[in-house]
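**Q** Once you've had a glance at the structure underneath, I'll fire off some questions.
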């Protein structure tokens, strides 16, 4: 498998992990910490991919491709430079080649 062509990775995104700190009342305060900033391609899933993922119609799912990293996990989020945020639902090492990660994400609505 060839690596992702640089020309297809047109969007600079930041991947963040959730940090929880106790709020003193038995709950917690959630903040986001930057893990890395990378170049990515962002595409909505096609109709057949949506059907295969068994998603409902009110939620838009995206496929975000980045170069391989071993520190990306589900439930992190991807934030674009224009402020859109996507929750990472699944992390796929394409062909287990350690060259491309495909992140299945859903758009977070503020």
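Laboratory data are not the source of any read-out in this text; all were calculated from the coordinates shown. Remember, predicted model here, so these are calculated numbers, not experimental data. Here the Cβ positions follow ideal geometry from the backbone for every residue, glycine too, while neighbour counts run over all protein chains shown.
**Q** Mind giving me the FRET efficiency for residue 102 and residue 20? R0 is 30 Å, r the Cβ-Cβ distance, nearest 0.05 is fine.
**A** It comes out at approximately 0.65.
**Q** Normalised by the residues of region 6-108, what does the relative contact order come to in percent, with Cα pairs under 8 Å and at least six apart?
**A** 26 percent
**Q** Ratio of Rg to Rh for region 6-108, alpha carbon only, Kirkwood?
**A** Across region 6-108, the Cα-based Rg/Rh ratio is 1.01.
**Q** Can you figure out the FRET efficiency of residue 70 with residue 29, using R₀ = 41 Å and their beta-carbon distance, to the nearest 0.05?
**A** 0.90
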